[in-house]
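Computed from the coordinates by the stated procedures, all read-outs in this text should not be read as laboratory data. Computed from a predicted model, the values in this text were never measured in an experiment. In this analysis, Cβ positions are derived from the backbone assuming ideal geometry, glycine residues included, and neighbour counts consider all displayed protein chains.
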Amino acid sequence: MTPPPDETRPSLSNVYQAINEVKTDVAVIKNELGDLVDHERRIRTLEQRMWAAIGIFGLLAALSPYLSRLIP
């Protein structure tokens, strides 16, 4: 059995370049995922504040008939 020609075998420099490209791609994806997690955290905080405000305004709306009687 004859060995395959040299042009089909990757050289170590090609393997090294490919590994560095993958490493760079993984670092970029990891950074983007970090930004995504931070973005989701900010959205959750905003949503919690929104629901608290809705609850307070709902309570004020329910109490408004009683509060209006206190004002002469």
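Residue-wise HN-Hα couplings along the range 17-25, as the Karplus relation 6.51 cos²θ - 1.76 cosθ + 1.60 with θ = phi - 60° gives them from phi, are 5, 5, 5, 5, 5, 5, 4, 5, 4 Hz; Gly and Pro carry x. Per-residue Karplus couplings for the range 35-51, computed as 6.51 cos²θ - 1.76 cosθ + 1.60 with θ equal to phi - 60°, are listed in order as 5, 5, 5, 5, 5, 5, 5, 5, 5, 4, 4, 4, 5, 5, 5, 5, 5 Hz, Gly and Pro entered as x. If the Kirkwood radius is taken over C-alpha pairs of the chain, then at 4 °C and 1.567 mPa s the Stokes-Einstein diffusion coefficient equals 70 µm²/s.
Compute, for the chain, the length of the dipole vector about the Cα centre, with Cβ point charges of +1 (Lys, Arg) and -1 (Asp, Glu) only. Units Debye, rounded to 20. Before the final figure, lay out the partial values.
Details: 8 positive and 9 negative charges, 143 e Å.
Roughly 680 debye for the chain.
Extension gain, R69-D35: 0.36 nm per intervening residue step, less the Cα-Cα distance, totals 7.1 nm.
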